[in-house]
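Colleague: Below is the structure I would like to discuss, written out as structure tokens.
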Amino acid sequence: MKEVKAYIAKHKLGPVTRALHKVQGLTGVSVFECSGYGRGLVTTAEPELGFHPGVKLEIICRDDLVDIVVNAIEKAAHTGLKSDGKIYVASSIEQAVRISTGERGEGAV
């Protein structure tokens, strides 16, 4: 299992969610409102001091779904602007436990 974290613009949450619903075998997504800044957005000599609102998605999925998930997010969140966001794939998830049933491993995801 791997963890995919994606930081996207708020207005792209709907299209990204619809794209992820189409991924067979993906069992869920967690969404968090967040804010941040990126160096690529600074276009003046005096950088703007502040954060831009966004959305963070956290997804734990099987290894064979990682590329499909990343491609779905990338395509659905793309506008061509520097503020489109970032996607990160983290190292392996060692264990998952479904609290309601005690199921462990990939089946718990």
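Colleague: I need a count of the residues in region 80-108 that are of a type outside the set (Lys, Arg) and under 15 Å from residue 6 (Cα atoms). Please lay out each step first, then the result.
Modeller: Narrowing region 80-108 to residues of a type outside the set (Lys, Arg): 80-81, 83-85, 87-97, 99-103, 105-108.
Still in the list and also under 15 Å from residue 6 (Cα atoms): 83-85, 87-91.
Residues that pass the stated criteria total 8.
Colleague: Do you know which residues across region 67-108 are more than 20 Å from residue 36 (Cα to Cα) and assigned to a strand (DSSP E or B)?
Modeller: Looking only at region 67-108, we keep the residues that are more than 20 Å from residue 36 (Cα to Cα), and these are 67-72, 75-76, 91-108.
Correct list: 91, 92, 97, 104.
Colleague: Among the residues of region 53-74, are any modelled with pLDDT of 95 or more, surrounded by 10 or more Cβ atoms within 10 Å (Cβ to Cβ), of a type in the set (A, V, I, L, M) and in contact with a Gly (Cβ under 6 Å, 6 or more places away or on another chain)?
Modeller: Yes, that holds for at least one residue.
The values are calculated or read from the model by the stated rules, or taken from the named source; none is laboratory data. Keep in mind it's a predicted model, so treat the numbers as computed, not measured. FYI the Cβ positions are ideal-geometry reconstructions off the backbone, even for glycines, and counts take in every protein chain you see.
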